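Take a look at the structure below.
The values are calculated or read from the model by the stated rules, or taken from the named source; none is laboratory data. All figures in this text were calculated on a predicted structure; none of them were measured in a lab. Methodologically, a virtual Cβ is constructed for each residue, glycine included, from the backbone with ideal geometry; neighbour enumeration extends over all protein chains shown.
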Amino acid sequence: MLCLLCSSQVQGQSNDVEAGLANIGLGAVVGGLGAIINKKPEEKTGKVFLKGLYQGAFGGYLVFESKRLIGKFAETENYAFVWPSKLINSAGTSIIENAALNTNFWEVWHLNIGFNRLQFYTKDKFKVDYRIMPFSLGAAVYGFTQGNLDFRTSLKTGNFVFINNRMTTNRDGFVIDGMTAANVIFYRIEETSMLSKNQIVAHEIIHVYQYESLSGVNTFLDKPTKKFNSNYKWLNSYHKIFYTDFNFLLDGTLAVINPNFETNFLEREARYFVNNRVMD
């Protein structure tokens, strides 16, 4: 899925309360529904749902705070805000995933660096697990075919960032300055751009966080996946190597449902945290 940044001074969300409630609400819904799906037979549905709800809401709040830090990065263009934001975002999405799995919020943590997913297990004995996210990997491969890797910015953000001067096509009268595919960022700089390179990257990081914050929905498939694994040995081997980021498909679906740049929620949120702050 491609999330686009176009040159236009249009309004996004109106204030932090609205933006915060949106992220908290999303975390709560994903956490609550996932907890019901993954509840044990002897557990009470209401109790499980409430636990997933408030746990997911807490994760959503951390995701919101991580996006606010990216807003600070856009204002100051100081990369010191980016990695702390990434770590807070990872903590928030980890808590949402744990809520949706119907487990304690602290049992498993993860950190995505490009297409690499590191998982840290803390329940009984500390353990680190490494897997590859296939959709993110595909986006990275696509990036190398479309532009040049910005190595320094990639290190500073923990995501693959590419300079792509092919993005010259107008869309609905807007000039495309940046886009994301999964957690891979593309940008170009023109004299007509209303944002600096770092501000364009900040806008796209918000889209990366949107993609990653939906990872809780992957847990909805946890039970059927385990059943399939028991019947097919090759699936066991697959899951030892790959973590399928199905959230990529949901993220793309949300963009397709409303492709209008000005009214699409994903774009409105990115504009609120970045564009509105630097254009005021």
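Criterion applied to 50, 69, 87 was being buried (at least 19 other Cβ atoms within 10 Å of the Cβ), of a type outside the set (Gly, Ala, Ser) and assigned to a helix (DSSP H, G or I), and the one residue passing it is 69. Restricting to the stretch 181-211, count the residues that are among the acidic types (Asp, Glu) and at pLDDT 95 or above. So the count comes out to 1. Does residue 176 satisfy being part of a strand (DSSP E or B) and either surrounded by fewer than 24 Cβ atoms within 10 Å (Cβ to Cβ) or at pLDDT 95 or above (or both)? For residue 176, the condition - part of a strand (DSSP E or B) and either surrounded by fewer than 24 Cβ atoms within 10 Å (Cβ to Cβ) or at pLDDT 95 or above (or both) - is met. Pairs linking a residue in the stretch 111-131 that is over 26 Å from residue 160 (Cα atoms) to a residue that is hydroxyl-bearing (Ser, Thr, Tyr), with Cβ atoms under 6 Å and 6 or more positions apart or on different chains, are 127/121.
Listed conditions (1) in contact with a Phe, Trp or Tyr (Cβ under 9 Å, 6 or more places away or on another chain); (2) in contact (Cβ under 8 Å) with a residue 24 or more places away in the chain are all met by residue 235, apart from (2). Determine the pairs where a residue that is at positive phi, located within the stretch 260-276, has a partner that is surrounded by 21 or more Cβ atoms within 10 Å (Cβ to Cβ) and not charged (D, E, K, R) with Cβ atoms under 7 Å apart, the partner being 6 or more residues away or on another chain. Going by the 7 Å Cβ cut-off, there are no qualifying pairs.
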